[in-house]
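Heads up: the structure comes next, in structure tokens.
The values are calculated or read from the model by the stated rules, or taken from the named source; none is laboratory data. Being a predicted model, the structure only gives us computed values, none of them experimental. Heads up, the Cβs are rebuilt from the backbone with ideal geometry, glycines too, and the neighbour counts pull from every protein chain shown.
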Amino acid sequence: ADAGSGGGGNGGDGGGGDGVAPLSSEQMQALYRQHRSKAQELISLRDEAFRASRDAWDAGDREVARVLSAHAHALRARIQQEHTAAAERLFAARNRHIVNRWEVDLHALHVDEALRKLASHVDTLTKMKSRVVLSVITGRGKHSKDGDAKVLPAVRKWLDSAGLMYMEHVGMVEVELVPPQDDGEPGAGAALGLGNHSAPRL
């Protein structure tokens, strides 16, 4: 395994868009109306059901009032679900131009240990709603038993099998992690210049 004195660690800092412009206020307002529209429709239906329930109660029709009240409460749960889904979409749209840069050092780890750490970081960072560039420091194998790098080739093979884009440097690879997009936009590989390695996604 590659061995060295480097310690593991990571840190994030929001970067510029690298070619992806943030949405304008007008675009965000349009997206807000689009993604919140269903919840607004349900809110109107909920309020109408509550009013009808009160009217039925005042008219002495308690059974109808209870049915309408239950319907209104069910709509309240659906409203919350719609708002939660809208928040995810709006957050992703608002953060798509941000590039977060992280770093992890795999020195002194055996190959299997290094790959587990890499997989763990990739799994965590791909859940972010912004683009992430993960710098993976592997070392050049100078301290390994036969002087040949072990971790770097294993990392390269793992990234290829996962279909992740990366750029290789001396003793390090930069991995690009792009959140799923449903707006038909191309991935960030060209914008960030990390598209020299790629494979079909698993």
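Taking the range 103-112, which residues are of a type in the set (D, E, K, R) and closer than 13 Å to TRP158 by Cα? Show your work before the answer.
Going through the range 103-112, the residues of a type in the set (D, E, K, R) turn out to be 103, 105, 112.
Selection gives ASP112 alone.
Of the numbered conditions (1) in a helix (DSSP H, G or I); (2) modelled with pLDDT of 95 or more, ARG33 satisfies every one except a single condition; which is it?
Going through (1) in a helix (DSSP H, G or I); (2) modelled with pLDDT of 95 or more one by one, ARG33 breaks only (2).
Can you find, within the range 64-116, the residue that is nearest to the chain's Cα centre (by Cα) among those that are among the acidic types (Asp, Glu) and surrounded by 13 or more Cβ atoms within 10 Å (Cβ to Cβ)? Write out each step before concluding.
So the first thing to find is which residues in the range 64-116 are among the acidic types (Asp, Glu), and the list is 82, 88, 103, 105, 112-113.
Those left that are additionally surrounded by 13 or more Cβ atoms within 10 Å (Cβ to Cβ): 82, 103, 105, 113.
Working: GLU82: 19, GLU103: 17, ASP105: 22, GLU113: 25 Å.
Selected residue: GLU103.
Which one of GLN80, GLN40 is in a helix (DSSP H, G or I), under 30 Å from LEU125 (Cα atoms), without any contact (Cβ under 8 Å) to a residue 40 or more places away in the chain and outside the structural domain of THR126 (by TED's automatic domain parsing)?
Numbers: GLN40 fails: under 30 Å from LEU125 (Cα atoms).
Only one candidate passes the filter, namely GLN80.
Could you list, in sequence order, all residues of the range 147-177 that are among the hydroxyl-bearing types (Ser, Thr, Tyr) and out of contact with any Asp or Glu (no Cβ under 9 Å at 6 or more places or on another chain)?
We begin by selecting, within the range 147-177, every residue among the hydroxyl-bearing types (Ser, Thr, Tyr); these are 161, 166.
If the condition is that a residue be among the hydroxyl-bearing types (Ser, Thr, Tyr) and out of contact with any Asp or Glu (no Cβ under 9 Å at 6 or more places or on another chain), then SER161 is the only one that fits.
Would you check if GLY147 is surrounded by fewer than 16 Cβ atoms within 10 Å (Cβ to Cβ) and modelled with pLDDT of 90 or more? I'd like the intermediate steps shown before the answer.
Numbers: surrounded by fewer than 16 Cβ atoms within 10 Å (Cβ to Cβ): yes; modelled with pLDDT of 90 or more: no.
Here the answer is no, as GLY147 does not meet what is asked.
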